[in-house]
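Novice: This structure is in structure tokens; I'll ask about it shortly.
Every number here is computed from the coordinates shown, using simple stated rules; none is lab data. In this text the structure is predicted, and so the values were computed from the model without any measurement. So basically every Cβ, Gly included, is an ideal-geometry build from the backbone, and we count neighbours across all protein chains shown.
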Amino acid sequence: LPEGAHTLNISVGNPNGNVDENPANNDVYSNFVVNVTGFDLPLVQGFEDVTPFPYAGYSIYNPDAELTWEKTELAAKTGGSSMYINTFNITDIDEYDEISLPAYNMTGITTAHLDFDVANAAYSTDEDFSDTLTVFVSSDCGITWTGIYKKFKPDLATTTPTGGNFIPTNTQWRTESVDLTPFLADKLIIKFKSTSNWENNTFIDNINMNSGTVDVEDYNTVNFSVYPVPANDLLNIQFYLAENNTVRAEIFNSTGEKMMEEELSGRVGNNTNTLLLNDLIPGYYTIKLITGDHYAIRTFVKQ
């Protein structure tokens, strides 16, 4: 197969040589990506893409074939969607589910970091029950994995126990930052694992991986918005600056490929700039606004 996104379609018929009483469940689709070298950084994933989830190149491991990682519009740190696992309704102790991201090309990179937003609440204050979120990295195409992040009650929680089905508000999120420098190799794969222990839902949004080092305080510290969403050929960017500074906008497609980069005029106070999107095909995009050592990320859809 050539490099790029592909879809595997498996169809069955005539079960045991008999007439199929339910032909509606005869087809299974799976998206996958052939990518020898891995995608180039940055990884920018805000879960706003309208294509089926899991996206091409993403892989879900769901041993019990029941509730697992899914895209949701129940809550989001930014935009309208995120990824979550409905552990509130998982009844088996130690049931785990994993989602692996595509491989990324790290050749020549000496420092890198992973950032993501998480929202979680415990169901109860009972210390005997706690869900766990673990992040792994692999440098050998998923043969072996190294844990780089692990949190559970109370460190995982972003708010107090709910006693019910947890759906976070916009303020019930926390940004996590992990230094990937000790694990660098030619290619890296990131994997998120949720382990259930009778507690509550975990949401993930704005997964970003980039070269260089960054303090978590530098992320999402630029106040800006984009409109209209969805956009056609014009996208307005509105932002506030406390002092005159250089501002740069970078736009990435759903696979993390940089499609545009433009310097913006920035002065003290409120600023509005307009980007021309004529060269972008319809789809989901992420825009990164950078000023000095600070940056923030938003998502939009072009019609």
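Novice: Using the Cα centre as the reference, give the magnitude of the dipole from point charges on the C-beta atoms of the chain (Lys, Arg: +1; Asp, Glu: -1; all else neutral), rounded to the nearest 20 debye.
Specialist: Here the chain has a charge dipole of around 680 debye.
Novice: Taking 10 °C and 1.306 mPa s as the conditions, I'd like the Stokes-Einstein D for the range 38-217 in µm²/s, using the Kirkwood hydrodynamic radius from alpha carbon pairs.
Specialist: Details: Rh = 16.6 Å.
This corresponds to a translational diffusion coefficient of 96 µm²/s.
Novice: In nm, to one decimal, how far is the Glu262 label point from the Thr181 one, both placed 7 Å along Cα→Cβ?
Specialist: 3.5 nm
Novice: Could you order the peptides 231-238, 186-193, 140-147 from most to least packed, using the average number of other C-beta atoms within 10 Å per residue?
Specialist: Highest mean packing first, the order is 186-193, 231-238, 140-147.
Novice: Could you pull out the GluC sites (Glu not before Pro) across the range 63-140 that fall in loop regions by DSSP (anything but H, G, I, E, B) with no more than 13 other Cβ atoms inside 10 Å?
Specialist: Counting only loop positions with at most 13 other Cβ atoms within 10 Å, the GluC sites (Glu not before Pro) in the range 63-140 are Glu66, Glu73, Glu127.
Novice: State the dimensionless ratio Rg/Rh of the range 221-302 (Rg: radius of gyration of Cα atoms; Rh: Kirkwood radius). Don't skip to the answer; put the middle values down first.
Specialist: Numbers: Rg = 12.1 Å, Rh = 12.7 Å.
Radius of gyration over Kirkwood radius for the range 221-302 works out to 0.95.
Novice: Please work out the FRET efficiency for the pair Thr246 and Asn105, using the Cβ-Cβ distance as r and a Förster radius of 30 Å; give the result to the nearest 0.05.
Specialist: According to the calculation, E is roughly 0.60.
Novice: Scattering from the C-alpha atoms of the range 125-262 alone, worked out with Debye: what is log10 I(q)/I(0) at q = 0.17 1/Å?
Specialist: For the range 125-262, the Cα-only Debye profile gives -1.19.
Novice: Within the set Lys151/Lys288; Lys258/Lys288; Lys258/Lys302; Lys153/Lys193; Lys77/Lys258; Lys71/Lys191, which residue pairs have Cα atoms separated by over 21 Å?
Specialist: Correct reply: Lys151/Lys288; Lys77/Lys258.
Novice: For Val229, what is the net charge nearby, where nearby means another residue's Cβ is under 13 Å from its Cβ and Lys, Arg count +1, Asp, Glu -1? Intermediate values should be presented prior to the final figure.
Specialist: Working: positive: Arg298, Lys302; negative: Glu48.
Counting the neighbours of Val229, the net charge comes to +1.
Novice: Same structure again: Full extension from Ala24 to Lys150: what is 0.36 nm times the residue separation minus their Cα-Cα distance, to one decimal in nm? Mind dumping the intermediate values first?
Specialist: On the way: separation 126, 0.36 × 126 = 45.36 nm, distance 4.05 nm.
Residue separation times 0.36 nm, minus the Cα-Cα distance, leaves 41.3 nm.
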